[in-house]
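S.K.: Dropping the structure in here first, questions after.
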Amino acid sequence: MKISKIPLPAWMLIGLVINMFMMFEANAANPQVQPGDVVRIVLPGETSLDKRFEVDRNGRLILPEVGPIMVSGFTEAQMQQKIKRELSNAYRDLAGLRVLLEERRIRISVLGFVDKPGEVVLAEGAGVQMAIQAAGGLRAGAQLDRLQLRRASFSQPQVFNYKQYLDSGDLAALPRLHSLDVLFVPASPKIGNVAVDFDPNSLNDNGDAAEDRTAVKVFGEVYNPGSFSYKSSANLVDMLMRAGGVTRYASVEQIRVIIDGEPKLFNLKRYLDTGDNDLLLSLTAGTTIFVPKQEEEIKAGANTVYVMGEVFKPGAYEGNQAAGFLDVLANAGGPSRFAETRQIRIIRSSGAVERFDLQSFTEGRSAQLPRIMAGDAIFVPEKTDLNEKSWTKVSPNQAVKVMGEVNRPGRFEWADEMNLMDLLAHAGGPKPNADMAKITVLFSDAGGTTRSVNFNLNAYLNGEINNQQMPRIVAGTTIMVPQLPDDPSDNKSQWVRQSSEDSIYVFGQVVAPGRYRFDPSMHFLDILAAADGPSEQADISNVRISHRNGKHASVSKLDLALYFETGDESILPKVVPGDSIYIPEKNRNWLSEKKERTVRVLGSVSKPGRYRFNDEMTLLDLLAEAGGIDSEGYPQKITVVNLSCCKDQARTFDLLEFSKTGDFSLLPVIRAGDTVYIPSRAESGWVKARQGLEDVFRLISVSALLGFL
């Protein structure tokens, strides 16, 4: 019997749709009670009922006096009727009873690899992430792509990829939770079967694949070989990067890939050179990737170029016509730190040898690179070591000799673009006792003729000499840096190393007299300080300087005491090499003092003698210097004989009268060369008169005595 399809009228279809919509609205407006919901019961006068009750996982409310009441699946109105009916057995007045579905919640059991497995109560609409967080979060080692959702209505657990949600944020990747659902978080098979403390960092070393059947296995010359989870969006380069990248020994041109049981070769170098995505292989689940190690073998061929010497990767390299000198050198890793890039040699296949200065090329002085052809060899020699005992590695026509007071004297390889400062710096610079003002540069030509040039390094450093005035050094030049002479008080035998034209002589009352090296930029106080200054017996008011550097010798006098009192720099004389400085002694022999420079003090004083005198002193200063007038002196008749300005002029001075008035205008003027005489009391007028009277009386007495006889 064949049943035919009877089409329904349009009005009937519209009615069915309207009825279904009304049923959905009714269910939404009257939700059914489920385990986890919170019910509020209000009954005036009954405090034991007037509170919130939670529906347990069996769908029951546990009420006082009546016990458990099944309410799961009821609407709010149906639940109120049933509760009222059950409460009527214990309570009489239920007129004010109200039952409200106060809060919709769900009960979820979270099990497996979480910190706090068990049952959690969440607000209705909560998702998987909130349920996991309520259970304390995931433990290290949880398998994120195989979470399970179990429900009574499911015939088998629903498996979903929680990692996909974490990567994309797509809520559609997560199932909706219902009350009494069970969420199970499995453990990754990577943690093993023994319960030990798990280190999540170990997953980076062995991959992160959960299933070996679909994992992509990467091994060989990679930093982190292992099994990695397959992603349809990942390509071959992505998988190599997940394995930490290839090592320095990887043969990137011969990567083996097995896809669906079919072996294939992948040239990573060609892909990186071209960027052609068509060279990338399409991966599938279960792909195997092997990165082999470079094989060391003797390479030879028609297109081979050989690189030897001080490069990082010497060896034979396959070349082509487009590859130049720099391409081959860069492919060999470039010159090492010990390479002598000025003496690179290109050995042609024909046996000819060409030299090339790579450093000169990099500095822009050489514009042409040598052309490299198949069969050629590039040799980069070793740089000469400064500590190398053998000096034969540098030929004489390429060497410059540095001797004397430098830190590393010896023979050095020379280049024309270098100058004297480069050479001194290469020799370690001058020592502290080097005479940098007298550097000698010795040039020699092919005929054996030599000439020397002096160079003042101090003047160059002070900006007095520019680069154009610096001697131009060529190969074969000798540079001598002399030594400063030792302190004469330490070793006088070393004086012969210092020429007299560079010396100043310091004599007399200084702490360290001797011959000292002098630079024209220095002045008088510098050389005096070098001699450790004047001694205690020095007469610094009568310093003598003998100027011997001019056409005629001359002597100048310096009052150093006056300089220290005034600070007038014009008082100091200008001294140059060759001059002599003499500082006399204070208490020297009086014969060495000229009479025109002294004042003579005679008569009744404590210390008569000759005294040095200047225009700032007075008669009182002079008398004080001579120890003052003694007890026999006659101060009323001091005689001053002026010989400096007025010939044979004498004046007297009454010191007692001056002491009574204090009038300094009464003091006589005294200058160097004068004489001061202080008479004794026996030479006074009244003493002479008394002696005359005594003589008269003595004669009278004698005459009277003779008359008596």
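S.K.: Could you name every one of the strands (runs of 3 or more DSSP E) located completely within the stretch 125-192 that has at least 3 residues being touching a Leu at 6+ places or on another chain (Cβ under 8 Å) and in contact (Cβ under 8 Å) with a residue 24 or more places away in the chain? Explain how you work it out, then say what you get.
M.R.: Working: elements: 147-150, 158-160, 181-185.
Per the criteria, 147-150, 181-185.
S.K.: Further question: Which condition number in (1) open to solvent by less than 30 Å² (accessible area, probe 1.4 Å); (2) touching a Gly at 6+ places or on another chain (Cβ under 8 Å) is the one that ASN224 fails?
M.R.: (1)
S.K.: Could you please find all residues in the stretch 44-98 being touching a Phe, Trp or Tyr at 6+ places or on another chain (Cβ under 9 Å), acidic (Asp, Glu) and surrounded by fewer than 16 Cβ atoms within 10 Å (Cβ to Cβ)?
M.R.: Residue satisfying the conditions is GLU65 alone.
S.K.: Also, quick follow-up: I'd like to verify a number: residues in the stretch 476-502 that are at pLDDT 80 or above and either over 39 Å from the mean Cα position of the chain (by Cα) or in a loop (DSSP other than H, G, I, E, B) (or both), how many?
M.R.: Restricting attention to the stretch 476-502, the residues satisfying the condition of being at pLDDT 80 or above are 476-483.
This time we only want the ones that are either over 39 Å from the mean Cα position of the chain (by Cα) or in a loop (DSSP other than H, G, I, E, B) (or both), so: 476-477, 482.
Final tally of qualifying residues: 3.
S.K.: Give me a count of the residues in the stretch 148-173 that are of a type in the set (A, V, I, L, M) and surrounded by 17 or more Cβ atoms within 10 Å (Cβ to Cβ).
M.R.: Within the stretch 148-173, the subset of a type in the set (A, V, I, L, M) is 149, 152, 159, 166, 171-173.
If we keep only those that are surrounded by 17 or more Cβ atoms within 10 Å (Cβ to Cβ) too, we end up with 149.
Summing the residues that are of a type in the set (A, V, I, L, M) and surrounded by 17 or more Cβ atoms within 10 Å (Cβ to Cβ) in the stretch 148-173 gives 1.
S.K.: Yes or no: the stretch 140-147 includes at least one residue that is open to solvent by less than 30 Å² (accessible area, probe 1.4 Å), over 30 Å from LEU49 (Cβ atoms), in contact with a strand residue (DSSP E or B) (Cβ under 7 Å, 6 or more places away or on another chain) and of a type in the set (S, T, N, Q).
M.R.: Among the residues of the stretch 140-147, at least one is open to solvent by less than 30 Å² (accessible area, probe 1.4 Å), over 30 Å from LEU49 (Cβ atoms), in contact with a strand residue (DSSP E or B) (Cβ under 7 Å, 6 or more places away or on another chain) and of a type in the set (S, T, N, Q), which makes the answer yes.
S.K.: It is to be established whether one or more residues within the stretch 183-201 are open to solvent by 90 Å² or more (accessible area, probe 1.4 Å) and at pLDDT 80 or above.
M.R.: So the first thing to find is which residues in the stretch 183-201 are open to solvent by 90 Å² or more (accessible area, probe 1.4 Å), and the list is 193-197, 201.
Okay, now just the ones that are also at pLDDT 80 or above, so none.
Within the stretch 183-201, none of the residues are open to solvent by 90 Å² or more (accessible area, probe 1.4 Å) and at pLDDT 80 or above.
S.K.: VAL222: at pLDDT 90 or above and of a type in the set (A, V, I, L, M, F, W, C), yes or no? Even if it seems obvious, please write down each step before you answer.
M.R.: Numbers: at pLDDT 90 or above: yes; of a type in the set (A, V, I, L, M, F, W, C): yes.
Taking the combined requirement at face value, the residue satisfies it.
S.K.: List the residue pairs whose Cβ atoms are under 7 Å apart, where the first residue sits in the stretch 221-242 and is over 18 Å from LEU281 (Cα atoms) and in contact (Cβ under 8 Å) with a residue 40 or more places away in the chain, the second is outside any loop (DSSP other than H, G, I, E, B) and open to solvent by 40 Å² or more (accessible area, probe 1.4 Å), and the two are 6 or more positions apart or on different chains.
M.R.: Pairs that qualify, where the first residue is over 18 Å from LEU281 (Cα atoms) and in contact (Cβ under 8 Å) with a residue 40 or more places away in the chain and the partner is outside any loop (DSSP other than H, G, I, E, B) and open to solvent by 40 Å² or more (accessible area, probe 1.4 Å), are GLU221/VAL246; GLU221/LYS293; VAL222/VAL246.
S.K.: State whether the residues of the stretch 537-553 include one that is surrounded by fewer than 18 Cβ atoms within 10 Å (Cβ to Cβ), outside any strand (DSSP E or B), at positive phi and without any contact (Cβ under 8 Å) to a residue 40 or more places away in the chain.
M.R.: Kept after step one, since they are surrounded by fewer than 18 Cβ atoms within 10 Å (Cβ to Cβ), are these residues of the stretch 537-553: 537, 541, 544, 546-553.
Filter once more, so that each one left must be outside any strand (DSSP E or B): 537, 541, 548-553.
With the extra rule that they be at positive phi, the set shrinks to none.
No, the conditions are met nowhere in the stretch 537-553.
S.K.: As an exercise: evaluate GLY118 against (1) within 28 Å of ASP50 (Cβ to Cβ); (2) without any contact (Cβ under 8 Å) to a residue 24 or more places away in the chain and give the number of the one condition it does not meet.
M.R.: (1)
S.K.: Strands (runs of 3 or more DSSP E) wholly in the stretch 50-97 with at least 1 residues that are of a type in the set (A, V, I, L, M, F, W, C), farther than 16 Å from ARG40 by Cα and touching a residue at least 24 places away in the same chain (Cβ under 8 Å) - which ones?
M.R.: none
S.K.: Just give me the residues in the stretch 419-441 being open to solvent by less than 40 Å² (accessible area, probe 1.4 Å), of a type outside the set (Gly, Ala, Ser), within 11 Å of LEU457 (Cα to Cα) and in a helix (DSSP H, G or I), in sequence order.
M.R.: LEU420, LEU424
S.K.: For the stretch 326-382, which residues satisfy the criterion of being within 36 Å of the chain's Cα centre (by Cα) and part of a strand (DSSP E or B)?
M.R.: PRO335, ALA339, ILE344, VAL380, GLU382
S.K.: In the stretch 227-240, how many are in a helix (DSSP H, G or I) and surrounded by fewer than 18 Cβ atoms within 10 Å (Cβ to Cβ)?
M.R.: Going through the stretch 227-240, the residues in a helix (DSSP H, G or I) turn out to be 236-240.
Keeping just the survivors that are surrounded by fewer than 18 Cβ atoms within 10 Å (Cβ to Cβ) gives 237-238.
Within the stretch 227-240, residues that are in a helix (DSSP H, G or I) and surrounded by fewer than 18 Cβ atoms within 10 Å (Cβ to Cβ) number 2.
S.K.: Take the conditions at pLDDT 75 or above, part of a strand (DSSP E or B) and in contact with a Lys or Arg (Cβ under 6 Å, 6 or more places away or on another chain) and apply them to TYR582. Does it pass? Quick ask: steps written out before the conclusion?
M.R.: Numbers: at pLDDT 75 or above: yes; part of a strand (DSSP E or B): yes; in contact with a Lys or Arg (Cβ under 6 Å, 6 or more places away or on another chain): yes.
Spelling it out, TYR582 is indeed at pLDDT 75 or above, part of a strand (DSSP E or B) and in contact with a Lys or Arg (Cβ under 6 Å, 6 or more places away or on another chain).
S.K.: Right, another one. Find all pairs meeting these conditions: Cβ atoms under 7 angstrom apart; at least six residues apart or on different chains; first residue within the stretch 366-386 and closer than 17 Å to GLN398 by Cβ and loosely packed, with under 13 Cβ neighbours inside 10 Å; second residue modelled with pLDDT of 85 or more and not hydrophobic (A, V, I, L, M, F, W, C).
M.R.: Close Cβ pairs (under 7 Å, with a partner that is modelled with pLDDT of 85 or more and not hydrophobic (A, V, I, L, M, F, W, C)) amount to LEU386/ARG408.
Every residue, every condition in (1) part of a loop (DSSP other than H, G, I, E, B); (2) modelled with pLDDT under 80; (3) within 19 Å of VAL601 (Cβ to Cβ), yes or no:
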site: GLY627; (1), (2), (3): yes, no, yes
site: SER644; (1), (2), (3): yes, yes, yes
site: ALA650; (1), (2), (3): no, yes, yes
site: ALA672; (1), (2), (3): yes, yes, yes
site: GLU694; (1), (2), (3): no, yes, no
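S.K.: Got a number for residues in the stretch 22-42 being charged (D, E, K, R), modelled with pLDDT of 80 or more and farther than 18 Å from ILE108 by Cα? Even if it seems obvious, please write down each step before you answer.
M.R.: Here is the first cut: in the stretch 22-42, the ones charged (D, E, K, R) are 25, 37, 40.
Now drop any that are not modelled with pLDDT of 80 or more, which leaves 37, 40.
Add one more test, that the residue is farther than 18 Å from ILE108 by Cα, and what stays is 40.
Total meeting the criteria: 1.
S.K.: I would also like to ask the following. Going through the stretch 110-124 one residue at a time, which ones are open to solvent by 30 Å² or more (accessible area, probe 1.4 Å), outside any loop (DSSP other than H, G, I, E, B) and in contact with an Asp or Glu (Cβ under 9 Å, 6 or more places away or on another chain)?
M.R.: VAL121, ALA123
S.K.: Now, a different point. Scan the stretch 503-529 and report the pairs whose first residue is in a strand (DSSP E or B) and at pLDDT 85 or above and whose second residue is buried (at least 18 other Cβ atoms within 10 Å of the Cβ) and among the polar types (S, T, N, Q), with Cβ atoms within less than 7 Å and a gap of 6+ or a chain change.
M.R.: From residues that are in a strand (DSSP E or B) and at pLDDT 85 or above, the pairs are TYR505/SER580; PHE507/SER580.
S.K.: Across the stretch 295-325, what is the total count of residues that are assigned to a loop (DSSP other than H, G, I, E, B) and either modelled with pLDDT of 80 or more or among the acidic types (Asp, Glu) (or both)?
M.R.: Qualifying residue count, the stretch 295-325: 9.
S.K.: Another question, if that's okay. Filter the stretch 600-654 down to the residues that are among the aromatic types (Phe, Trp, Tyr) and more than 22 Å from LEU562 (Cβ to Cβ), then identify the one that is least open to solvent (accessible area, probe 1.4 Å). Show your work before the answer.
M.R.: If we filter the stretch 600-654 for residues that are among the aromatic types (Phe, Trp, Tyr), which is where we start, we get 611, 613, 634, 653.
Checking which are more than 22 Å from LEU562 (Cβ to Cβ) leaves us with 634, 653.
Numbers: TYR634: 36, PHE653: 9 Å².
Applying the filter and picking the extreme gives PHE653.
The values are calculated or read from the model by the stated rules, or taken from the named source; none is laboratory data. What you see is a predicted model; the values in this text were computed from it and never measured. FYI the Cβ positions are ideal-geometry reconstructions off the backbone, even for glycines, and counts take in every protein chain you see. Heavy atoms of the whole protein, side chains included, go into the accessibility calculation; ligands, DNA and RNA do not. Shrake-Rupley method; radii C 1.70, N 1.55, O 1.52, S 1.80 Å.
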